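To start, the structure itself, in structure tokens.
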Amino acid sequence: MGSGMARGSARAPRAPEVTLRAAGEADYAFALALYLESTRRLLTALGRWDEPRVLARFAQGWRTDQVQVICADDMDIGWIQVSQTGDRLHLDQLHLVEGYRGRGIGTQLIEELLDRARADGRAVGLNVIRGNGALALYRRLGFTVVGEDPEKLRMLWSPAKRQAG
């Protein structure tokens, strides 16, 4: 008899129960640190890391009223920012601390966003830095590439298209 776990079948721990809370200005430093951690490696690989530019872009995009802090296990584990432009929602940011990535949390949060968009008949857009492992998740959830530049891909999810799939 074996140990019950076949070689190569190790799985990431199950997703913990997560809650969201409205962000406050006190969350800026946490969000910035996580943003820098998430983007530095990707942008460096593309030869596009420019810390002053990245810091300015973060400061320009941060909107406390659009941000929710992701909490689990009695601590802050990430943040999500969603904005609305006309009839479209935009997933501006989604970042999780290292130990909580790959556990289905991002999938759960994006699926909830897509359910809300579907109910309202809205499309959802996002930008993803080239080389980001989340690209496969976005494609699996029905996002398609609608534009690109040297740094990122612009993706769009359409409720009609997803329902037809």
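Hey, any hits in segment 42-53 for a residue that's over 22 Å from THR144 (Cβ atoms) and among the polar types (S, T, N, Q)?
Yes, the conditions are met somewhere in segment 42-53.
Per-residue answers, yes or no, for (1) more than 21 Å from ALA15 (Cβ to Cβ); (2) surrounded by 18 or more Cβ atoms within 10 Å (Cβ to Cβ); (3) touching a residue at least 12 places away in the same chain (Cβ under 8 Å); (4) touching a strand residue (DSSP E or B) at 6+ places or on another chain (Cβ under 6 Å):
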| site | (1), (2), (3), (4) |
| --- | --- |
| TRP79 | no, yes, yes, yes |
| GLN93 | no, yes, yes, yes |
| ARG103 | no, yes, yes, no |
| LEU126 | no, yes, yes, yes |
| LEU135 | no, no, yes, yes |
| LEU153 | yes, yes, yes, yes |
Seminar exercise, completed: Wholly inside segment 49-165, helices (runs of 4 or more DSSP H) that include 3 or more residues that are modelled with pLDDT of 95 or more and touching a His at 6+ places or on another chain (Cβ under 9 Å) are none
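THR44: loosely packed, with under 13 Cβ neighbours inside 10 Å, under 18 Å from LEU113 (Cβ atoms) and β-branched (Val, Ile, Thr), yes or no?
It is false that THR44 is loosely packed, with under 13 Cβ neighbours inside 10 Å, under 18 Å from LEU113 (Cβ atoms) and β-branched (Val, Ile, Thr).
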Exercise. Of all residues in segment 17-45 being in a helix (DSSP H, G or I) and β-branched (Val, Ile, Thr), which is farthest from the chain's Cα centre (by Cα)?
Worked result: THR44
Problem set entry | Among the candidates ARG11, ARG21, residue that is of a type outside the set (Phe, Trp, Tyr) and at pLDDT 95 or above | ARG21
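The values are calculated or read from the model by the stated rules, or taken from the named source; none is laboratory data. Since the model is a prediction, treat every value here as computed from it, not as a measurement. Don't worry about glycine lacking a Cβ; one is built from the backbone with ideal geometry, like all the others, and counts go over all protein chains shown.
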